[in-house]
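Report on the following structure.
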């Protein structure tokens, strides 16, 4: 073989490793490299703000492989002393309200204040194909290319509240990486927003003007959870409608009980396209953090959330153990058939399966 042939083969091999010729081989190579890194490597990389290492650690968190899960938990434990130095903001709103545009505009505004911002965007997963769009990075082009920003789209999966099951652990790693503001965007498709509310400090509800019966289209429970209601798209010929919606929501909030934080929610108008009202929202976020830390609510809420997620994880773990049990799997198929045929009561069947799982004799 000539020297030129050897060189060509070497070039082809290099291209293959880079994914230019063989993308699948490149992906397998990167996965192997990721798993070969030690917990210490990940922790050091995250703490120094390495976005690639942060992304790979989050991938471990989201993995269902036991080995990945074990490593992920060790990474989180090692990063815990470096967490907690942020404000966590949940952002929700119906589809079409402009969440992605608003988050990008707010993120750029935060970065202009010399702060680092992480966006955890939860995409809806199909209940049929289990697929997810994961398109937030393409909708936030300017923000995703900024070194002071980190955007992580994750599939909602079967999680309640439109929030990925591992989002709370991801928040901790983002804090350890030095991101001072964490924005969690929920699906906003009518699911319960309790999950995201239980992992953030501040809950922002985005609204759109011009719907007429403004108050009838929003669930009272979501309004009660909100620390701020922001009427977006208050620009052009929609400014009048936005002001009207703002007034209606202000009147409605007077009927709501005072929040435990001791701070009454406000209603503001904004325009993500024209960058209007973003400074007011940013100021309100900072005022909320300062006042709730002063009155003790901020730290008290975080401790309560930690306990909530302790019990939540116990529940999730027990559920996983139950459905992965081989004996239960076999028995469950028969039970499901009997319930569908009306031969067995759903509650009685569930009780028998649980007793079987706990090795108790059915009564």
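Given the structure, is residue 279 in contact with a strand residue (DSSP E or B) (Cβ under 7 Å, 6 or more places away or on another chain), under 27 Å from residue 96 (Cα atoms) and at pLDDT 90 or above?
no
Looking at the range 154-244, what helices (runs of 4 or more DSSP H) fall wholly within it and have at least 1 residues that are at pLDDT 65 or above and surrounded by 24 or more Cβ atoms within 10 Å (Cβ to Cβ)?
Of the helices (runs of 4 or more DSSP H) lying wholly inside the range 154-244, those with at least 1 residues that are at pLDDT 65 or above and surrounded by 24 or more Cβ atoms within 10 Å (Cβ to Cβ) span 167-176, 194-197.
Any idea how many residues of the range 245-295 are part of a strand (DSSP E or B) and over 16 Å from residue 89 (Cβ atoms)?
4
Among the residues of the range 287-310, are any touching a strand residue (DSSP E or B) at 6+ places or on another chain (Cβ under 8 Å) and over 23 Å from residue 87 (Cα atoms)?
no
Can you name the condition, by its number, that residue 146 falls short on among (1) surrounded by 18 or more Cβ atoms within 10 Å (Cβ to Cβ); (2) within 24 Å of residue 49 (Cβ to Cβ); (3) at pLDDT 70 or above?
Here residue 146 clears every test but (1).
Answer yes if at least one residue in the range 306-316 is at pLDDT 95 or above, surrounded by 12 or more Cβ atoms within 10 Å (Cβ to Cβ) and part of a helix (DSSP H, G or I), and no otherwise.
Within the range 306-316, not a single residue is at pLDDT 95 or above, surrounded by 12 or more Cβ atoms within 10 Å (Cβ to Cβ) and part of a helix (DSSP H, G or I).
Residue check: is residue 116 more than 9 Å from the chain's Cα centre (by Cα) and either surrounded by fewer than 23 Cβ atoms within 10 Å (Cβ to Cβ) or at pLDDT below 90 (or both)?
In short, yes.
Any idea which of (1) at pLDDT below 90; (2) within 16 Å of the chain's Cα centre (by Cα); (3) crowded, with 20+ Cβ neighbours inside 10 Å is the one residue 124 doesn't satisfy?
Tallying (1) at pLDDT below 90; (2) within 16 Å of the chain's Cα centre (by Cα); (3) crowded, with 20+ Cβ neighbours inside 10 Å, residue 124 fails exactly one: (3).
Please tell me if residue 109 is under 22 Å from residue 292 (Cα atoms) and either free of Cβ contacts under 8 Å to residues at least 24 places away in the same chain or surrounded by fewer than 22 Cβ atoms within 10 Å (Cβ to Cβ) (or both).
So residue 109 does not fit the description; no.
The values are calculated or read from the model by the stated rules, or taken from the named source; none is laboratory data. Here the structure is a predicted model, which is why all the values come from computation and not from measurement. Don't worry about glycine lacking a Cβ; one is built from the backbone with ideal geometry, like all the others, and counts go over all protein chains shown.
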